[in-house]
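Student: Can you read through this structure? Questions will come right after.
Every number in this text was worked out from the coordinates using simple rules, so none of it is lab data. Being a predicted model, the structure only gives us computed values, none of them experimental. Counting neighbours? That spans all protein chains shown, and the Cβs are built from the backbone with ideal geometry, glycine included.
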């Protein structure tokens, strides 16, 4: 891929207008959402979507999420249902992705769905992302704005360090609030948690008033974020560390002495918001191993442990 000039765009009307124009030309733009920075392309443009896979080095069997400005645009692309409406009423705009049957005539590149007959859709809450979606006027396919399998970006500097020269621009909207990718809920059949995130399985079950099944790791990939090795730093990850070894970078949680602490008060929301940024910082230290304190497997801790286990998986 030839190196291109990557523009750093301001999060104002001028910057958003420039980003929309670049997307309209088929270029790639990194945009801040409340979860992580996404690498956006026109979801209807085959060449633009292929550019996402090329820039990230992403496997072509891994589908993408399409971000949309409002419910009307979502319903133009997917078969809607009562359960989908309940989920949208409870959590949109916000960090929830729904996987629904794709309408046969939907103007979506087949590369977005990776050959599946379903589409992952989300209405983000971040004001900058919403402004860009309204300005662009079409769906934006946007996985995390990083090299495939590496740590997800939660600020513009992470994107620039990883993808500068490969994409047309980055809207610098500061740090992301949530810091973890969206929860993905499959509604093409039995309601199924396809990827844990900031919205817990318990919250989904309560809002939809039904049981939420869980995906088995042996099942075929049906949504983003299901590859075993993912979100990985260059350093090796050692999880559930109750003692530190010499030379390790120490990522703590709770009342522990460490290099960086996800949350000294054991606040899982704070820990989620800090996770990827702190992994980036410790990886940049040059340590060969990042040791991580145990994180509770409750509530948001399920999503945090999911990201950590994939970061620690054999590559």
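Student: How do 260-267, 126-133 rank on mean C-beta neighbours within 10 Å, highest first?
Tutor: So the peptides 260-267, 126-133, ranked by packing, come out 126-133, 260-267.
Student: Rank the residues 53, 231 as a footprinting-exposure proxy: fewest other Cβ atoms within 10 Å of their Cβ go first.
Tutor: Result, fewest neighbours first: 53, 231.
Student: A further question on this structure: If you average the C-alpha positions of region 79-94 and of region 147-214 separately, how far apart do those two centres end up, in angstrom?
Tutor: Distance between centres, Cα-based: 17 Å.
Student: May I pose another question? Roughly speaking, what is the centre-to-centre gap between region 298-315 and region 1-78 when only Cα atoms are used, to the nearest Å?
Tutor: If we compute the Cα centre of each part, the gap is 26 Å.
Student: OK, next. Quick one: work out Rg over Rh on the C-alpha atoms of region 58-156, Rh as Kirkwood radius.
Tutor: Taking Rh as the inverse mean 1/r over Cα pairs, Rg/Rh reads 0.95.
Student: At 222 nm, what helix-only mean residue ellipticity would the chain give, in deg cm²/dmol to the nearest 500, using -39500 (n - 2.57) for each DSSP H run of four or more?
Tutor: After summing the helix terms and dividing by the residues of the chain, the value is -9000 deg cm²/dmol.
Student: Same structure again: Contact order normalised by length for the chain, with contacts defined as Cα pairs under 8 Å and 6 or more residues apart; what percent is it?
Tutor: Relative contact order here is 21 percent.
Student: Something else: Could you sort the peptides 141-148, 45-52 by per-residue average Cβ neighbour count (10 Å cutoff), highest mean leading?
Tutor: 141-148, 45-52
Student: What nm distance separates the two modelled labels at residue 21 and residue 61, each placed 7 Å from Cα along Cα→Cβ?
Tutor: Placing both labels 7 Å along Cα→Cβ, they lie 4.2 nm apart.
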